[in-house]
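Have a look at the structure below, then the notes.
The values are calculated or read from the model by the stated rules, or taken from the named source; none is laboratory data. Note that the structure is predicted; figures quoted are calculated from it, not measured. In this analysis, Cβ positions are derived from the backbone assuming ideal geometry, glycine residues included, and neighbour counts consider all displayed protein chains.
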Amino acid sequence: MSTLVAPPPALSEAEIAALVARHWGLSGRLRPLPSERDQNTRLSCEAGEYVVKIANPAEPPEETAMQVAVLEHLAGEGVPGLPRIRPTLTGSATVRVDVGGRMAQARLVSWIAGVPLAQSPRSQAQLRALGSYMGRVTAGLQGFVAPAAHRPEFLWSLDHVAALRDFVSDIKDPSRRGMVEGLFARHAERVAPRLAGLRASVLHQDANDHNVITDPDHPERIVGLIDFGDMCQGRTVNELAVTIAYAMLDTDAPLAAARAVIEGFHAAFALTEDEAELVMELALIRLAASVCISSVQAAERPETRYLLISQAPAFATLELLHDLPADLLGALGRVAAGFEPMPGAAARLASLGEAAPLIAPGLARLPRKAPGTERAPDVHGGCTVPVADDLPVLGLTGWGSEAPDGRRRLGLGMEVPEGTPLLATHAGRILRRNGDALVQEIAPGLFLGLAGLAPEVAEGDALAPGDRLGRATGALDLQLMHGLPDLRPRSAAPGEWALWSALRPDPNLLLGLEPESFVPPAEPPEALLARRRERIGPSLSLSYRHKLTMLRGRGAWLADHTGRHWLDTVNNIAHVGHEHPRVVAALAAQAATLNTNSRYLHPLMVSYAERLTATLPAPLEVAYFVNSGTEANELALRIARTALGRKETLVLDWAYHGNSGGTVEISPYKFRRAGGFPQPRFLEVAPFPDPYRGAHRGPDSAPAYAAGLAARLDALEARTGSGAAAFIAESASGVGGQVFYPEGYLARAYEEVRARGGLCIADEVQCGMGRIGSHFWAFEAQGVVPDIVVIGKPIGNGHPMAAVVTTRALAEAFDNGMEYFNSFGGNPVSMAVGHAVMDVLEDEGLQAQAALTGAHLLAGMAKLAERHPVIGDVRGAGLFLGMELVEDRDSRAPATRAAAELVHRLYLRGILASTDGPDDNVLKIKPPMVFGRAEADLLLDEIGRALSHLYPQD
């Protein structure tokens, strides 16, 4: 009788106790365990925990001996967590026992402590560990030979699964019967002919969720494997297929589960491409075999509920997966094992060449996030951000953007003006046309799908690059597709992204836009934030209510971990644009050649010093190079104090000059706020010359503010006995609220300082390098020449680089015998970067563009102020602008809460903004210099939209 239908042994507890005592000399508590064909009983005794295994009498003794041998073999191969044989009192591994007149083999094996996988909470990490464990078992079985493993009549062997096709008739439900029959037919046609070319070995072949043991305290850990009763010779990949089949049970994301198992298995035992491509089909046919066998067994032994334990979830999994295309299943296995999704996919993509424009130049606005369903709340930092129905989120909805349920978009969404002509990016025929969508085959097996257009082509049409496809109807959705053109899912479930992103690569590759930033599996912001809090000092703050993980930048745009694009209106450090390719190339080229300290001569330091000082008026001609604006301000103060022999310093109220101890001491913005300290004795603070909300108002307030400064100089001299060594001030105030001083103020201030023997330092960290448009240096707009100029990170476009430029006389006075040395100030890489930034500024005309864009922004903000009384003042020049919000224009009381809400509303729309000023009520605008007219219009539109939402009565 076959073990398939032969009933298992049924010895009584007393009989088993007598058997254990007679052959192993043990006694203890006995508890029955479920089993399909054998009789298994747990034994708890003083010597430990064991399982008494009595084989089915229909099982040949050679098969039991093989199970004993394989445990010894795998132990020798270092595979952990397997049962160990306890010899009998006479030293044998097994004994013969009478089971109802038939002889069977009995043995005692160690109990594997833990929780069956079926009772353990699932996770991707656990399934990866499961795959890895079974990969180790498979690796350990290579070279194990056992004649008894050749079991051609054993119906659980996947190599002989076709023999079960006749059992389909035992499935009672006709729809399920048809489903399983279809799987057998597909296996016969697509899989069976390829099996002969695959590797073969001895297999465990039953890593079901009751045979795999997990750690109860750490469910993601696999601690053991039991039940070697299904061992047989077969295709090596069958081991993985069986493991996948049971891992997919009881989950609504079976493809994600399968991917995790394959990844783990492949890392421990490398698959071939053919094995990877067939493994999912083999997993499905294993589930088909399972429901066939359980249906037969249930008919023969209806009293045994254990036989149906996996049938319901097996049917449920098959119903989810049976009609998926074989190419999709093959791609899953290939991608999970690290192969391209379909043979030749990468070559097809590479062969396409440069794409023609999809949208005729000049006809479309900036990329936007598509409306409709994509208006759903975005997820940032684990918090759901509500978005009003009338506020589609700005930015490019890209391949990889995340929805609240964790699913990720598979298309590229763009809001295109209705009626915009859309053009073919590549030659190829139209394969499908359906309503507002079409699919074009642009290479054999490679397709471009578009939705959201009125097509002007028909199925079968052959197109050349630039031919008309149709006209946009608003929100355009694109997919680039390797194969499977009839499958156009809009999003990928968590855990399935690796598959779908391989089959549906970023369509930006065709459009010449910036590739998206998402790198799966992306760490969610809340997890990264928790790690940051563990290792980064808490005083280092983060922006925005809902924290962002930024991974990419280009021009005036940043992209977060979901691929969503954000317009950057505040990052003056990225002076010529985020990751400008010319700057990056210069950095990389010099870093690959030499980077060393300034103890050696190098032509780049000298040539850059010559180039930088040439932009400054005489007598500013001697440069020092450092690594940050803070360090530059420290050095400027040191030069002034050394030259004049005194430390006394004058600053403006609300000034900020750096984060070191010395610069915080002269920064009222720091020491007068929370956590600050009393004003140092050597420091005097002059009134802040704000012509809008300061003590003196209007364009003619310079004399009054200069008089106040003179009074503070006199107070400093009276207190300390000497005049100020240095007056340091930003040429236009940033943290003070984007304030340009009243005309003539700096000239009068410098005059007062110099009359008392002091030196004047211009801090140009935020406002220099062409930012104000009209002049390269902001101090030039005030008609002054400082004694020392401080230049910060914008000269390196964010590379750690800064400079101090002074007169030759001061440089010589500073050379007093104490060496000034800076290991990497002026290093060759920084100098190459500095040259590249200057090249970009000159070649792209960014100073002139800043002037034009700034004038456009000022005019636009002035128009907004006509409609919204909350806007009290708009000011600035070039791309150094401010918009001050007030409760009312008479009192000019700061509208701090309104400013915060405005920044938040802009955030919801994909615009990064911030506030400054003593009351945080000034919207500051100091973006990368590549910020142009289109970005300015976008910002103005969204400021207007946000204010209309906040003040609908205006």
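Below are the figures for this structure:
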item	result
Selection within the range 589-603 - within 20 Å of Phe625 (Cβ to Cβ) and either among the β-branched types (Val, Ile, Thr) or within 32 Å of the chain's Cα centre (by Cα) (or both)	Ala589, Gln590, Ala591, Thr593, Asn595, Thr596
Odd one out for Gly834 among (1) within 25 Å of Ser774 (Cβ to Cβ); (2) touching a Ser or Thr at 6+ places or on another chain (Cβ under 7 Å)	(2)
Tally, over the range 155-180, of residues that are outside any helix (DSSP H, G or I) and of a type in the set (Lys, Arg)	1
Residue in the range 435-456 that is nearest to the chain's Cα centre (by Cα), counting only those that are farther than 13 Å from Gly470 by Cα and not in a strand (DSSP E or B)	Gly445
Count - residues of the range 701-721 that are surrounded by 14 or more Cβ atoms within 10 Å (Cβ to Cβ) and part of a loop (DSSP other than H, G, I, E, B)	1
Failed item, numbered, when Tyr50 is tested on (1) modelled with pLDDT of 95 or more; (2) in contact with a Lys or Arg (Cβ under 7 Å, 6 or more places away or on another chain); (3) farther than 18 Å from Asn211 by Cβ	(3)
Number of the exception - Glu415 against (1) touching a Gly at 6+ places or on another chain (Cβ under 9 Å); (2) surrounded by fewer than 22 Cβ atoms within 10 Å (Cβ to Cβ); (3) modelled with pLDDT under 65; (4) acidic (Asp, Glu)	(2)
Flag if Ala859 is free of Cβ contacts under 8 Å to residues at least 60 places away in the same chain, hydrophobic (A, V, I, L, M, F, W, C), in a helix (DSSP H, G or I) and surrounded by fewer than 17 Cβ atoms within 10 Å (Cβ to Cβ)	yes
Verdict on His561 being at pLDDT below 90, out of contact with any Gly (no Cβ under 7 Å at 6 or more places or on another chain) and of a type outside the set (A, V, I, L, M)	yes
Yes/no for Leu683 being of a type in the set (A, V, I, L, M), out of contact with any Phe, Trp or Tyr (no Cβ under 8 Å at 6 or more places or on another chain) and over 16 Å from Gly737 (Cβ atoms)	yes
Among (1) within 46 Å of the chain's Cα centre (by Cα); (2) not in a helix (DSSP H, G or I), the one test that Leu183 misses	(2)
Those residues of the range 206-232 which are among the polar types (S, T, N, Q), surrounded by fewer than 24 Cβ atoms within 10 Å (Cβ to Cβ) and in contact with a strand residue (DSSP E or B) (Cβ under 7 Å, 6 or more places away or on another chain), in sequence order	Asn211
Unmet requirement for Glu819, which otherwise passes all of (1) touching a strand residue (DSSP E or B) at 6+ places or on another chain (Cβ under 9 Å); (2) surrounded by fewer than 23 Cβ atoms within 10 Å (Cβ to Cβ); (3) not in a helix (DSSP H, G or I)	(1)
Which listed residue is surrounded by fewer than 22 Cβ atoms within 10 Å (Cβ to Cβ), at pLDDT below 90 and over 19 Å from Val70 (Cα atoms), from Pro121, Pro174	Pro121
Elements of type helices (runs of 4 or more DSSP H) in the range 255-366, at least 3 residues being of a type in the set (Val, Ile, Thr), modelled with pLDDT of 85 or more and buried (at least 22 other Cβ atoms within 10 Å of the Cβ)	273-300
Matching residues in the range 45-94 - criterion: being within 51 Å of the chain's Cα centre (by Cα), closer than 19 Å to Phe144 by Cα and β-branched (Val, Ile, Thr)	Val68, Val70, Val79, Ile85
Tabulated pairs, the range 27-51, first free of Cβ contacts under 8 Å to residues at least 40 places away in the same chain and more than 18 Å from Pro9 (Cα to Cα), second part of a strand (DSSP E or B) and of a type in the set (Gly, Ala, Ser), C-beta under 9 angstrom, 6+ apart or interchain	Gly28/Ser44; Arg29/Ser44
Cβ-Cβ under 9 Å pairs, at least 6 apart or on other chains, the range 781-809 side on the phi > 0 side of the Ramachandran plot, far side polar (S, T, N, Q)	Gly798/Asn571
Output for the range 416-434, where each listed residue is part of a loop (DSSP other than H, G, I, E, B) and within 16 Å of Leu478 (Cβ to Cβ)	Val416, Thr420, Ala424, Thr425, His426
Single match in Pro193, Pro121, Pro152 (criterion: in the same structural domain as His322 (by TED's automatic domain parsing), in a helix (DSSP H, G or I) and not hydrophobic (A, V, I, L, M, F, W, C))	Pro193
Complete set of residues in the range 910-935 that are within 21 Å of Val576 (Cβ to Cβ), over 27 Å from the mean Cα position of the chain (by Cα) and either modelled with pLDDT under 95 or surrounded by fewer than 19 Cβ atoms within 10 Å (Cβ to Cβ) (or both)	Gly932, Arg933, Ala934
Qualifying positions in the range 584-612 - β-branched (Val, Ile, Thr) and over 11 Å from Met831 (Cα atoms)	Val584, Thr593, Thr596
Which numbered condition Ser830 misses (of (1) assigned to a helix (DSSP H, G or I); (2) among the hydroxyl-bearing types (Ser, Thr, Tyr); (3) modelled with pLDDT under 95)	(3)
Residue within the range 896-907 that is surrounded by fewer than 23 Cβ atoms within 10 Å (Cβ to Cβ), in the same structural domain as Phe880 (by TED's automatic domain parsing) and in contact with a Pro (Cβ under 9 Å, 6 or more places away or on another chain) present	no
From Val52, Val79, Val20, residue being in a helix (DSSP H, G or I) and either of a type in the set (Gly, Ala, Ser) or not assigned by TED's automatic domain parsing to the domain that holds Thr214 (or both)	Val20
Residue in the range 633-686 that is nearest to Val790 (Cα to Cα), counting only those that are of a type in the set (Gly, Ala, Ser) and not in a loop (DSSP other than H, G, I, E, B)	Ala636
Residues located in the range 597-632, provided they are small (Gly, Ala, Ser), in the same structural domain as Gly770 (by TED's automatic domain parsing) and assigned to a helix (DSSP H, G or I)	Gly629, Ala632
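Conditions (1) over 26 Å from Ala686 (Cβ atoms); (2) more than 38 Å from the chain's Cα centre (by Cα), marked per residue:
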residue	(1), (2)
Arg748	no, yes
Arg754	no, yes
Gly757	no, yes
Gly796	yes, no
Arg808	yes, yes
Asn822	yes, no
Met831	yes, no
